[in-house]
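Working notes, structure below.
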Amino acid sequence: MTTVAVAGASGYAGGELLRYLAQHPNLDLVAACAAGRAGESLAAVHLQFTGTSWADLLLVETTADVLGQADLVFLALPHGESAAIVARLPLSTMIVDLGADFRLRSADAWAAFYGGAYAGSWVYGLPELPGARSQIRSATRVANPGCYPTAVALALAPLAQAGIIELMDIVVVAASGTSGAGRKASDSLLATNVMGSMSAYKVGGGHQHTPEMEQSIAIAAGVGITDVSLSFTPLLAPMPRGIVATCTALLSKQVDPRKILMDAYANEPFVSVLPEGQWPHTGAVSGTNTAQIQVAVDHHTGRVVVVSVIDNLGKGAAGQAVQNANLMLGFDEGAGLDIIGIAP
C-alpha cells in the first residue's frame, strides 16, 4: 500500500478527497491535517463519515514532519499557502497540490491575479489535455487544475488543438455551486442570500482563473499564452456543488466541431459527449470525477457553443487529484473514483 497524507482536511475539497481515499484500494491514509480544527474527530467536521471506520480519526496539526511521513501528500490549502509547506517537505515526497501555487507558467500572471511571491510551475494535472497524461505519469509533483479551468479546457481544448476556433475571441459564462468559494463563512454565502437567487461576481476579467484558462487553451493549440484572449464571467448558483460552463468561440473553419469532440474523448473514461439534443446538467455528475459535454453551432453568429458540466469538488478538485495520483503511482487511473452521478 502507498501511504498518503492530506493537508486541508477540514475543507470541502479536503473532505471530498478523504471520501475518495476511504474507498481507494491502493492508498493508505496516515494523516489528515487541519490547522484550525486539529484535535477534532473526522465525523465532527465532516458528518458524512459518521458510522464509518474513519469516524473517530483525529485531525492533526499541519506540519511538514507529519506530512513527510507519507509517500504522497495532497495539499488542499488556500491559494498561496502550499509553497511554504512544499519547501519543508523531503524532495522524495510526491505531491499533488489542489491550490493554485504551481499552476501558472507566467510569473506576471501570478503577480496580476494572485500577488505575492511566485513559486514556479509544476506539471499541469489535467490528463485529458494533449500530451499531459505521459507528463503526469513521470512527475513527482503535479499542480491540480482549478474547477472553472477544468470545465473550460475540457470544452474547448480539442477545438483549439484542431485549429478551428479564433483564439482571441473566446467568451465563457460559467456558474458554480457555493462550495466553490470554500468553507469559510461570508455574508455572500449565507443561505438567505443564495437560495432562490443567482448573481455574477468578479465581472470584467478579474477572476483569478482567467490566466489558467488561457494557459490551458494555449497548451492545447501549441501557441503562447499571449495568443489567447478569453472573457470570463462567473456566476454563483443556488446549489452546493457543480459547475456549468457555457463556452463560445468564433469558428475559423467550416468543420464539424461535434466530430472533433467525439474523436477527442472516445477513449477518455471521465469525459462524455452527450447524444445530440441532450444537454448536460450538474446533477448527472454530482459526486463523481466525470464531465459531460454538448456542442452546437450558432450559424447566425458563426460561433461554436460548448456546454460542459463537472462537480467542482470532484473533477474540479478532489477527484482529479486522485486521478493524477493514480497516474503518478502507476495505478489504474480510475481507482477509487466514482463515475455515476447521484441525480436527481
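The values are calculated or read from the model by the stated rules, or taken from the named source; none is laboratory data. In this text, all values refer to a predicted model and were calculated from it rather than measured experimentally. Heads up, the Cβs are rebuilt from the backbone with ideal geometry, glycines too, and the neighbour counts pull from every protein chain shown.
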From the list LEU77, LEU29, LEU57, pick out the single residue that is closer than 19 Å to ALA143 by Cα and in contact (Cβ under 8 Å) with a residue 12 or more places away in the chain. LEU77
Every residue in region 290-315 that is over 16 Å from GLU268 (Cβ atoms) and within 11 Å of the chain's Cα centre (by Cα), please. ASP311, ASN312, LEU313
From VAL194, VAL223, residue being more than 24 Å from ASP298 (Cα to Cα), at pLDDT 90 or above and surrounded by 13 or more Cβ atoms within 10 Å (Cβ to Cβ): VAL223
Just checking, does region 112-126 include any residue being free of Cβ contacts under 8 Å to residues at least 24 places away in the same chain and hydrophobic (A, V, I, L, M, F, W, C)? yes
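Consider region 83-92. How many of its residues are part of a loop (DSSP other than H, G, I, E, B) and either touching a helix residue (DSSP H, G or I) at 6+ places or on another chain (Cβ under 7 Å) or more than 24 Å from ALA139 (Cα to Cα) (or both)? Walk me through it before giving the result.
Step one: filter region 83-92 for residues part of a loop (DSSP other than H, G, I, E, B), giving 87-92.
Now restrict to residues that are either touching a helix residue (DSSP H, G or I) at 6+ places or on another chain (Cβ under 7 Å) or more than 24 Å from ALA139 (Cα to Cα) (or both): 88-89.
So the answer is 2.
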Go through region 107-135 and give me each residue that's crowded, with 16+ Cβ neighbours inside 10 Å, modelled with pLDDT of 95 or more and part of a loop (DSSP other than H, G, I, E, B). TYR118, ALA119, SER121, TRP122, GLY125, LEU126, PRO127, GLU128, LEU129
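Those residues that are farther than 21 Å from PRO211 by Cα and at pLDDT 95 or above, I need them from region 230-251; list them, please. It would help to see each step written out before you state the result.
Filtering region 230-251 for residues farther than 21 Å from PRO211 by Cα gives 237-242, 251.
The answer is GLY242, LEU251.
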Which listed residue is modelled with pLDDT under 95 and under 27 Å from GLY115 (Cα atoms), from GLY8, GLY80, GLY39: GLY80
Scan region 32-54 for residues that are of a type in the set (A, V, I, L, M) and either without any contact (Cβ under 8 Å) to a residue 12 or more places away in the chain or buried (at least 22 other Cβ atoms within 10 Å of the Cβ) (or both) and jot them down. ALA32, ALA34, LEU42, ALA44, LEU47
Could you count how many residues in region 159-175 are under 28 Å from GLY287 (Cβ atoms) and either at pLDDT below 95 or not in a strand (DSSP E or B) (or both)? 0
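Just for region 296-315: of the residues that are crowded, with 23+ Cβ neighbours inside 10 Å and in contact with a strand residue (DSSP E or B) (Cβ under 8 Å, 6 or more places away or on another chain), which one is farthest from LEU126 (Cα to Cα)? Reasoning before the result, please.
Quick first cut of region 296-315, residues crowded, with 23+ Cβ neighbours inside 10 Å only: 304, 306, 308-315.
After this cut, where a residue has to be in contact with a strand residue (DSSP E or B) (Cβ under 8 Å, 6 or more places away or on another chain) as well, the list is 304, 306, 308-312, 315.
On the way: VAL304: 23, VAL306: 18, SER308: 15, VAL309: 15, ILE310: 13, ASP311: 15, ASN312: 14, LYS315: 10 Å.
Result: VAL304.
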Being surrounded by 15 or more Cβ atoms within 10 Å (Cβ to Cβ), farther than 19 Å from ALA321 by Cβ and not assigned by TED's automatic domain parsing to the domain that holds MET213: is that true of VAL96 here? no
Every residue in region 239-281 that is surrounded by 15 or more Cβ atoms within 10 Å (Cβ to Cβ), over 22 Å from GLN161 (Cα atoms) and without any contact (Cβ under 8 Å) to a residue 60 or more places away in the chain, please. PRO280
Among the residues of region 301-336, what is the count of those that are of a type in the set (A, V, I, L, M, F, W, C) and more than 13 Å from ALA291 (Cα to Cα)? 11
